[in-house]
Amino acid sequence: MEFLFLLFLGKPLWMWLAFLTVVVTLMVFDLGVLNKDDHEIGVAESLKLSAFYIMIAIAYGGYIWWAWSNGTLVTSDGTNPVAAYFQGYLIEKVLSIDNVFVISLIFTFFAIPRKYQYRALVWGIIGVIVLRGIMIAIGAELIANYNWMTLVFAAFLIFTGIRMLMTTENETDVSKNPMVGLVSRFMNVTKELHGQKFFVRLPHPDTNKKALFATPLFVALIVINFADVIFAVDSVPAIFLITTDTFIVYTANIMAILGLRALYFALAALVHRFHYLHYALAIVLVFIGLKGFYSYFFGKFDPYLSLGITFGIIAAGIFYSLWKTRGNDAASVAHRD
């Protein structure tokens, strides 16, 4: 069993396997128990499932605190792993909320019924786990070999935040997504859904022989994963400016994304209530970018102060949004639930 103590990206292999076991267990529980039979998820059920995943994320943060307290977990850059984990989790969670509208547009474009959307999101997380892992590994390698990359990340976040402050949220044309044309070019795609199936075998119109066809549900899944890569362009640099410890970066990202599936249906119904959260997130990105410059030239910024400022800005954005749009959600919730 000595191999379990071999280091992988700075942490013992058993620590990575334990985390992935938690993720796989949640996936199996999600698909095999919570969503065994496809059904439409209303706002109330969505909020309950989201609360469950938030408790799991907080509990995992408690484990990080325990492991750090007894010396089992030591970050590679000497940062406080508890503050870094929760700040990374919070930023990733809000970035996910900010992009729920894009996922909703993808489902609408492919005419995916609500009862199949949750299953697509659950399977999508498998792709996210792999893709985020690759992006985080690349980011960690860049920072390890080129310390000045933190300045590049910081400048990028400041630029992104300022751009978000100066512009409104843009309309997204799913039909122009390059993955739509790419999948259609290299795969046979049916024009209609076939229940919850991603692939079906049907007679090919040219040869009349049975051939494998992808369904619109599979194409939607691919486009959602491609969209997540675009989302990660903001979130991955942001968390690397909080900590360069790959384990904390990855676990905070995945824990936030795990709960997005459950929260999606409530957010899709209430996304119009969070209009000003877009600007709060922009301010957070600028703050994280400025903190990156400060840390590079003057030393580490107090982690709990950074967490408090991030939480305060996001909380202010949420409460201001809810206050400005009060009375506008009743009809929307009643329609969707």
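With the checklist (1) closer than 27 Å to Gly133 by Cα; (2) modelled with pLDDT under 85 in hand, flag the one item Phe293 doesn't pass.
It is condition (2) that Phe293 fails.
Picking from Gly312, Gly317, Gly308, which residue would you name as being touching a helix residue (DSSP H, G or I) at 6+ places or on another chain (Cβ under 7 Å), modelled with pLDDT of 85 or more and under 29 Å from Ala154 (Cα atoms)?
Gly317
Filter the stretch 200-255 down to residues that are under 16 Å from Tyr89 (Cβ atoms), at pLDDT 85 or above and out of contact with any Gly (no Cβ under 9 Å at 6 or more places or on another chain), then give me how many there are.
Selection size over the stretch 200-255: 0.
Considering each residue of the stretch 1-25, count those that are hydrophobic (A, V, I, L, M, F, W, C) and either at pLDDT 85 or above or touching a Gly at 6+ places or on another chain (Cβ under 8 Å) (or both), and give that number.
Residues meeting the conditions: 11.
Against the condition part of a loop (DSSP other than H, G, I, E, B) and at pLDDT below 85, how does Thr79 come out, does it pass?
Taking the combined requirement at face value, the residue does not satisfy it.
Would you confirm, using the coordinates I've provided, whether Tyr118 is buried (at least 16 other Cβ atoms within 10 Å of the Cβ), aromatic (Phe, Trp, Tyr) and modelled with pLDDT under 85?
Considered against the rule, which asks whether it is buried (at least 16 other Cβ atoms within 10 Å of the Cβ), aromatic (Phe, Trp, Tyr) and modelled with pLDDT under 85, Tyr118 comes out as yes.
Looking at (1) free of Cβ contacts under 8 Å to residues at least 12 places away in the same chain; (2) surrounded by fewer than 11 Cβ atoms within 10 Å (Cβ to Cβ), which is the only condition Pro203 fails?
(2)
Would you tally the residues in the stretch 148-182 being modelled with pLDDT under 85 and within 17 Å of Asp245 (Cα to Cα)?
Going through the stretch 148-182 one residue at a time, the tally reaches 0.
Kindly list the number of the only condition in (1) surrounded by 14 or more Cβ atoms within 10 Å (Cβ to Cβ); (2) part of a helix (DSSP H, G or I); (3) modelled with pLDDT of 80 or more that fails for Lys197.
(2) is the only condition that Lys197 fails.
Which ones in the stretch 207-241 are aromatic (Phe, Trp, Tyr) and surrounded by fewer than 23 Cβ atoms within 10 Å (Cβ to Cβ)?
Phe213, Phe218, Phe226, Phe231
Only one of Tyr89, Tyr116 is in contact with a helix residue (DSSP H, G or I) (Cβ under 7 Å, 6 or more places away or on another chain) and closer than 25 Å to Lys191 by Cβ. Can you tell me which?
Tyr116
Condition check ((1) crowded, with 21+ Cβ neighbours inside 10 Å; (2) among the charged types (D, E, K, R); (3) within 24 Å of Leu217 (Cα to Cα)) across all residues:
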position	(1), (2), (3)
Phe86	yes, no, no
Phe109	no, no, yes
Pro113	no, no, yes
Gly124	yes, no, yes
Leu131	no, no, yes
Ile134	no, no, no
Ile138	no, no, no
Phe153	yes, no, no
Ile158	no, no, no
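Give the residues of the stretch 50-76 that are free of Cβ contacts under 8 Å to residues at least 12 places away in the same chain, of a type in the set (S, T, N, Q) and part of a helix (DSSP H, G or I), sorted by residue number.
Selection gives Ser69 alone.
The values are calculated or read from the model by the stated rules, or taken from the named source; none is laboratory data. The shown structure was predicted, so the numbers you read here are calculated from the model rather than taken from an experiment. Note: ideal-geometry Cβ built from the backbone for every residue, glycine included; neighbour counts use all protein chains shown.
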